[in-house]
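The values are calculated or read from the model by the stated rules, or taken from the named source; none is laboratory data. Since the structure is predicted, the reported quantities are computational estimates derived from the model, not experimental observations. Note that each Cβ is placed from the backbone with ideal geometry, even for glycine, and that neighbours are counted across all protein chains shown. Just the protein is used for accessible areas: all its heavy atoms, side chains included, with ligands, DNA and RNA removed. Shrake-Rupley method; radii C 1.70, N 1.55, O 1.52, S 1.80 Å.
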Amino acid sequence: MSLYLKYRPSDFDNLVWQDFIKDTLRKAVANEKTVGAYLLCWPRWTGKTTTARLLAKTINCLNPYDWNPCLECEICREFKSESLVDIIEIDAASHTWVDNIRELIERAQFLPTKTKYKIYIIDEVHMLSKWAFNALLKILEEPPSHVKFILATTETHKVPETIISRCQRYDFKRISHVDLKSRLLYIAQNEWIEVDDASYDYIIKNSNWWLRNAISLFEQLISDKKISYDDIVSKLGIISSEEINLFLDKLLNKDIAVLELFDTIINDWKNIKLFFKELIFTAKNIAINKVKTGESIENYIFILDILDEYYIKSKNSLDENTTFTIAILKIIWNYETTTKKENHIQKNIVSIENHRELEKKSETNKIEEEKSEINISKSDIEDIFDFWQKEEKTKTNNSNFDVNLFIDNLKKSWAKWWLTMALRWSKIDYYDDLLEIKASSSITKKSIDSSDNHSLMHSVLGEMWIENIKIKIV
Ligand SMILES: [Zn+2]
């Protein structure tokens, strides 16, 4: 069992964030002041269903203890084993038809079989159709006393006002750094894992402040019951904080040597994007601290502006090293005034360009080698274009799966050039437990469909927290 599932909160005490909402909800349960409909609004998908389930369970628990579900009574046990028929979970994304809601309303009239209240949890409620919303509104206007609704959404603006006004609404905030850290500390203690402070910071920063991501990353980084920042540095090809500080110092001090340092980083095969992300974080944090002590941060703002701009640009650039080199040059150029230093820059640009030429050449050779392995003919290319023109018209986008991110991650995991190209030329559809790749021609199919590629794709999907999924190539 993954750590995320193992530590999914089973009672309110373990729900480590959103104290205000948590306390309001549990007090309402304790004083039997629960309402007929709740609307839980979240900035992202993580965690809202956990709270919805927890609330449903606590409302129905036979012996709530200290405003928590007891986890031992018949109801709590049946809930855990998912055999409780009175708590009904519906994913609106797949139940948008009005008939589903009608059926739900009809069934809601019957008393619960075991529990005090029949509870409907409707996840992603904003996905319901207009007609379905109207049907839902009818029952929300006069809900039977034995029924409660817990609606959850990540896109509150898509839920009609009429529905919102009939619910008790809770807006959840993003989990804070402190809360995330305390949850990770708790897991580390329970699992007897030794973790240093720098690792916690690294994990939280790279989780985008989503608990699920943080726990998954935490789990990935454990080796020998330990997570150490030094290990992370060597494992993930990131740059140590000393090096980042040194780099930042050189940038601030208009030191031309920063270009050489950057070259060394590239040659060491470090992860350049991660490096820049860290650099931006570090500069931002120093700037914030300086503001607090009343120091000037003009030069920090100047650097951050450029780094941030080029970080975003790097996402669409063919060669991120060049993009970041431009950012560095831009920073230094604006600082430079003397001719002597300008000459020095010129020299460095020339040497960097030489370096790029060499790099490009070796990249081209690699592509040529792979091409000769694959043998694409002109008619293959025509097939691909034909397919793509047809598919472009019928293209649908109904899932949250980010195809580009998937392909980018494959690239980062050293997928062959031809595999990523073949995927770009295919149509990729994502369903709950299936990734369907519609290859654009027989040659693209052939180049995707190997056992090596399958396992590589699975491991990349795993890194994107998509597990237990089948890959079908048609
Ligand atoms: Zn109970």
Notebook entry, point to check: Are there any pairs, at least 6 apart or on different chains, whose C-beta atoms fall under 6 Å, with the first in region 50-77 and in contact (Cβ under 8 Å) with a residue 12 or more places away in the chain and within 10 Å of D11 (Cα to Cα) and the second within 6 Å of the ligand (Cβ to nearest atom) and part of a helix (DSSP H, G or I), and if so, which?
Noted result: P69/C76
Item checked: Residue check, T46 modelled with pLDDT of 80 or more, among the polar types (S, T, N, Q), crowded, with 17+ Cβ neighbours inside 10 Å and away from the ligand (no atom under 13 Å from the Cβ) -> no
Item checked: Filter result for the condition that a residue is farther than 30 Å from K226 by Cβ and of a type outside the set (S, T, Y), over N134, N190 -> N134
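If you take the residues of region 430-469 that are part of a strand (DSSP E or B) and in contact with a Lys or Arg (Cβ under 8 Å, 6 or more places away or on another chain), which of them is farthest from W418 (Cα to Cα)? Spell out how you get there, then give the answer.
Of all residues in region 430-469, those part of a strand (DSSP E or B) come to 430-431, 434-438.
Those still in the list that are in contact with a Lys or Arg (Cβ under 8 Å, 6 or more places away or on another chain) too: 434-438.
Details: L434: 23, L435: 19, E436: 19, I437: 15, K438: 16 Å.
Filtering first and then ranking leaves L434.
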Checklist line | From the options I256, I239, I266, residue that is modelled with pLDDT under 85 and in contact with a His (Cβ under 6 Å, 6 or more places away or on another chain) | finding: I256
Next item on the list: Quick one: which residue in E78, E89 is assigned by TED's automatic domain parsing to the domain that holds D13 and either crowded, with 19+ Cβ neighbours inside 10 Å or at pLDDT 90 or above (or both)?
Entry: E78
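Here are some residues: L71, L84. Which one is surrounded by 15 or more Cβ atoms within 10 Å (Cβ to Cβ), within 16 Å of the ligand (Cβ to nearest atom) and closer than 28 Å to A214 by Cβ? If you could, list the steps in order and put the result at the bottom.
Values: L84 fails: closer than 28 Å to A214 by Cβ.
Going through L71, L84 in turn, the sole match is L71.
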Item checked: Among residues of region 69-83, those that are closer than 13 Å to T58 by Cα and either in contact with a Gly (Cβ under 7 Å, 6 or more places away or on another chain) or not charged (D, E, K, R) (or both), counted -> 7
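Could you look through region 53-68, keep only residues that are more than 7 Å from the ligand (Cβ to nearest atom) and in contact with a helix residue (DSSP H, G or I) (Cβ under 7 Å, 6 or more places away or on another chain), and pick out the one that is modelled with the lowest pLDDT? It would help to see each step written out before you state the result.
Residues of region 53-68 that are more than 7 Å from the ligand (Cβ to nearest atom), as a first pass: 53-60, 65-68.
Add one more test, that the residue is in contact with a helix residue (DSSP H, G or I) (Cβ under 7 Å, 6 or more places away or on another chain), and what stays is 54-55, 57-60, 67-68.
Details: L54: 86, L55: 88, K57: 89, T58: 89, I59: 89, N60: 91, W67: 74, N68: 83.
The residue in question is W67.
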Next item on the list: Check off (1) within 16 Å of the ligand (Cβ to nearest atom); (2) modelled with pLDDT under 85; (3) surrounded by fewer than 16 Cβ atoms within 10 Å (Cβ to Cβ) for E106 and give me the number that stays unchecked.
Entry: (1)
Next item on the list: With a cut-off of at least 1 residues that are open to solvent by less than 40 Å² (accessible area, probe 1.4 Å) and within 24 Å of W465 (Cα to Cα), name the helices (runs of 4 or more DSSP H) lying wholly within region 220-301.
Entry: 229-236, 272-292
Next item on the list: Could you check how many residues of region 439-474 are within 26 Å of the chain's Cα centre (by Cα) and open to solvent by less than 80 Å² (accessible area, probe 1.4 Å)?
Entry: 17
Next item on the list: Restrict the check to region 142-150 and report whether at least one residue is on the phi > 0 side of the Ramachandran plot, modelled with pLDDT under 90 and assigned by TED's automatic domain parsing to the domain that holds T51.
Entry: no
Check: Of (1) at pLDDT 85 or above; (2) open to solvent by 70 Å² or more (accessible area, probe 1.4 Å); (3) not hydroxyl-bearing (S, T, Y), N208 satisfies all except one. Which?
Finding: (1)
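Got at least one residue in region 125-141 being within 16 Å of the ligand (Cβ to nearest atom), over 24 Å from I21 (Cα atoms) and open to solvent by 20 Å² or more (accessible area, probe 1.4 Å)?
So the first thing to find is which residues in region 125-141 are within 16 Å of the ligand (Cβ to nearest atom), and the list is none.
No, the conditions are met nowhere in region 125-141.
Where residues in region 134-185 are among the acidic types (D, E) and part of a loop (DSSP other than H, G, I, E, B), which of them is farthest from L40 (Cα to Cα)? Break it down stepwise before answering.
Initially, region 134-185 is screened for residues among the acidic types (D, E), giving 141-142, 155, 161, 171, 179.
Now drop any that are not part of a loop (DSSP other than H, G, I, E, B), which leaves 142, 155.
On the way: E142: 20, E155: 10 Å.
Ranking the candidates gives E142 first.
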Next item on the list: Tell me which residues, restricted to region 151-187, are hydrophobic (A, V, I, L, M, F, W, C) and modelled with pLDDT of 90 or more.
Entry: L151, A152, V159, I163, I164, C167, L184, L185, I187
